[in-house]
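Report on the structure given below.
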């Protein structure tokens, strides 16, 4: 009877615990990251009664967390990629809507400008046609200014997102660190697993993966170590949590927020190390779409400015004066690194793209009579070739041990594009890098400077002509060869017709043979194609990663999630078992009472 009572009591206790576990599962059906638990019931040791062994009832050995680490690892990775491409697509579509729209794009305003050139060529003495050229030129300036403003706002949005995400990441790192300590304490006192803490930590890891790619390892003491996705930099290890820092880049006026970590006491930029999550999306978008779009636009606008200006120099205006600038040519100074040792602040380093003839007519060489005068077009041809050398790049300038300036593509700071001596100037990608104003002793080996010519052109695009009579529509008069060149007669349309023809002339992106491969309008179309391709590739990845995440999430839910139907069935089963256990206790009491009654 004593054994029967023991069996009944142990059974009741066992099934009460099983009901509690089932109730806890049900209560957490909507708790993010919760893993279903199961009471592991085992039989108590048997005892010898007479010549037979009888059971000793049951007990709950442990409460197991239904969990598969490999699925959780896959889920974290999939969440990081899904979050990245979803955010990347959202950002990319913003830019696509601005620069690649069919209505109101810079391409349309450029076409309007060339159409106004052609209209003036058809009516070279018409005052309203001259004014139309000025109006269309101003309209293009306004459109470029608007687009520059939108792209600057997008750059600021990226900076704000990087700062905000850095805070979110650091909050999750702190949470993981604190839970790690609690898990370590809980497991040091015995073998029981702190299931709720482990769920909370896994959920914090999953939330962290929304913002960046990570790698995790669980140590023998139960603590989880967290590294950046490439396994290079530790984020949470033992008693240390390494926070990310969002701060300005090393170049003083770059207006760019980067991500840093404290590595061995050194503030180290790690932006390029973050590939996944929303932070990876923002960084990839900035580097591979926003920067590229700005650079593509800058090349096209620089080509337009140089091409129109250089052709305009070939003609004469209504007053008989040689044509001047239609647009302001590129000229900007460099931005210094805050790490520089030298005193040069970058204002004496000038990068420009200006015409060699500075507004004068082409050189004149007399010929034998009675030849007619024809202006040499050598400088114009040279100018066109120079336009084709322009590249969609930002440039990093380093001072080498010899005190010379090495010029690199900022995205490839290992390959030297050109070297220019102190006090000299040189050509790289068609641009003139001028160091003639840099004083000796003001730069030191290792000093760095940054120059963004295409961003500069986009930000400073400006029309210089406001007087319609200063439009150089006329060509040069066919005077005898020994006579200095003079303007053609009023009504001549030679030069304005050549300006109109620039729309069909290939000026951009020299091919392997050194011949330009794209027209100015084609350059804009090429940029739009790059934007569209980026959006399409991102959209494809977004759809694919969403499907992968759903599949893994469904698999995790199937294995570890709470099924209300299953829990309801378990609840009924354990309630019935508990009631039966009570009957066992009652039967034991009845037998005992019967025995006592018989003795009396």
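Where a number appears in this text, it was derived from the coordinates with a stated rule and is not lab data. For clarity, every value in this text was computed on a predicted model and none was experimentally measured. Note: ideal-geometry Cβ built from the backbone for every residue, glycine included; neighbour counts use all protein chains shown.
Observations
- The range 63-222: relative contact order in percent, alpha carbon pairs under 8 Å with at least 6 residues between: 33
- Inter-centroid distance (Cα atoms) of the range 573-598 relative to the range 143-199, Å: 56
- The alpha-carbon atoms of the range 27-162 define a convex hull whose volume equals 157 cubic angstrom per residue.
- Working from label points 7 Å from Cα in the Cα-to-Cβ sense, the residue 550 to residue 232 distance is 3.5 nm.
- Overall dimensions of the range 191-244, expressed as equivalent-ellipsoid semi-axes from the Cα gyration tensor (√(5λ), whole Å, largest first), are 20, 14, 9.
- Only alpha carbons enter this Debye calculation for the range 181-335, each as an equal point scatterer, and the log10 of I(q)/I(0) it gives at q = 0.08, 0.09, 0.10, 0.21 Å⁻¹ is -0.46, -0.52, -0.59, -1.31.
- Between residue 401 and residue 150, the FRET efficiency from the beta-carbon distance, with R0 = 60 Å, is close to 0.90.
- Above 17 Å, the calculated P(r) of the range 94-217 contains 72 percent of its Cα-Cα pairs.
- Angle of helix 564-599 to the longest C-alpha principal axis of the chain, folded into 0 to 90 degrees and rounded to 10: 20°.
- Extension gain, residue 410 to residue 571: 0.36 nm times the residue separation minus the Cα-Cα distance gives 51.5 nm.
- A convex hull fitted to the Cα coordinates of the chain yields 192 cubic angstrom per residue.
- Residue-averaged 222 nm ellipticity for the chain, from DSSP H runs of 4+ at -39500 (n - 2.57), nearest 500: -17000 deg cm²/dmol
- Shape parameters for the range 423-522, alpha-carbon atoms, Rg then Dmax in Å: 20.6, 59
- Each principal axis of the range 416-461 carries a Cα extent, and these read 34, 20, 18 Å when sorted largest first.
- Taking 286, 130 and counting other C-beta atoms within 10 Å, the order from fewest to most: 286, 130
- Difference of contour (0.36 nm per residue) and Cα-Cα distance, residue 440 to residue 247: 66.2 nm
- Extension gain, residue 125 to residue 564: 0.36 nm times the residue separation minus the Cα-Cα distance gives 149.5 nm.
- Taking only Cα atoms of the range 527-600, radius of gyration then Dmax in Å: 31.0, 106
- Dimensions of the range 58-113 along the principal axes, based on C-alpha atoms and rounded to the nearest Å, stand at 89, 15, 10, largest first.
- Note on residue 43/residue 590: beta-carbon distance plugged into 1/(1 + (r/R0)^6) with R0 of 22 Å gives a FRET efficiency of 0.35.
- The range 209-263 - percent relative contact order, Cα under 8 Å, separation 6 or more: 21
- Structural descriptor for the chain: relative contact order 21 percent, calculated from alpha carbon pairs under 8 angstrom and at least 6 residues apart.
- Cβ-Cβ FRET estimate between residue 536 and residue 157, R0 fixed at 22 Å, reported to 0.05: 0.50
- Fewest-first ranking of 251, 109, using other Cβ atoms within 10 Å as the exposure measure: 109, 251
- The angle between the Cα long axis of helix 69-99 and the main principal axis of the chain comes to about 30°, on a 0 to 90 degree scale.
- Between the Cα long axis of helix 106-122 and the first principal axis of the chain there is an angle of about 20°, rounded to the nearest 10.
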